[in-house]
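Chemist: Structure incoming, see below.
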Amino acid sequence: MMTSKKLLKTVHQALDDLKANNVITLDVHKYANFTDAMVFASGTSTRHVKSIADEVVTQAKQAGFTPIGVEGYTFGEWVLVDLGDVVVHVMLPAVREFYQLEKLWDPMQNNIKSS
């Protein structure tokens, strides 16, 4: 979990640097065996969503974390960055509202940080 905290700090810095909106972090380590935390953020356009995802990957690599994969980059409406201990979802607001992933985890979530 200590690695996750450093990685989360790195992710939040990248999101802040690129002015991601409505950032929510959920601690899911007790409920998911594939990650410790999920981070949700919104971008204002497909270009912004892609730029945010790029910055998350760049800063994670600079901090010594190797991304496992990036999905959805081609269309840029919803880009998932899998960093292992942390999974980052960057979405357009309409896509985020449609899927409401945070609500899927809400009954079991323990909010770490919201900004």
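Chemist: Of THR46, THR58, THR10, THR35, which residue is in contact (Cβ under 8 Å) with a residue 12 or more places away in the chain and under 21 Å from GLU97 (Cβ atoms)?
Modeler: Exactly one of THR46, THR58, THR10, THR35 is in contact (Cβ under 8 Å) with a residue 12 or more places away in the chain and under 21 Å from GLU97 (Cβ atoms), namely THR46.
Chemist: Quick check on my filter: what residues within region 1-37 are hydroxyl-bearing (Ser, Thr, Tyr), assigned to a loop (DSSP other than H, G, I, E, B) and surrounded by 14 or more Cβ atoms within 10 Å (Cβ to Cβ)? Walk me through it before giving the result.
Modeler: Start the filter on region 1-37 by keeping residues that are hydroxyl-bearing (Ser, Thr, Tyr), which leaves 3-4, 10, 25, 31, 35.
Filter once more, so that each one left must be assigned to a loop (DSSP other than H, G, I, E, B): 31, 35.
Answer for region 1-37, where residues must be hydroxyl-bearing (Ser, Thr, Tyr), assigned to a loop (DSSP other than H, G, I, E, B) and surrounded by 14 or more Cβ atoms within 10 Å (Cβ to Cβ): just THR35.
Chemist: Ok, one more. Report, by residue number, each residue of region 1-53 that is among the β-branched types (Val, Ile, Thr), more than 10 Å from the chain's Cα centre (by Cα) and under 14 Å from LEU80 (Cα atoms).
Modeler: THR35, THR46, VAL49
Chemist: Given region 52-115, what strands (runs of 3 or more DSSP E) lie entirely inside it while holding 1 or more residues that are charged (D, E, K, R) and modelled with pLDDT of 95 or more?
Modeler: It comes to 69-71, 78-82.
Chemist: Something else about it: Just to be sure I understand, how many residues within region 38-81 are open to solvent by 20 Å² or more (accessible area, probe 1.4 Å) and within 15 Å of ALA94 (Cβ to Cβ)?
Modeler: 8
The values are calculated or read from the model by the stated rules, or taken from the named source; none is laboratory data. Source: prediction; values computed, not measured. Quick reminder, even Gly has a Cβ in these numbers, built from the backbone with ideal geometry, and neighbours come from all protein chains shown. These accessible areas exclude ligands, DNA and RNA; they are computed on the full protein's heavy atoms, side chains included. Shrake-Rupley method; radii C 1.70, N 1.55, O 1.52, S 1.80 Å.
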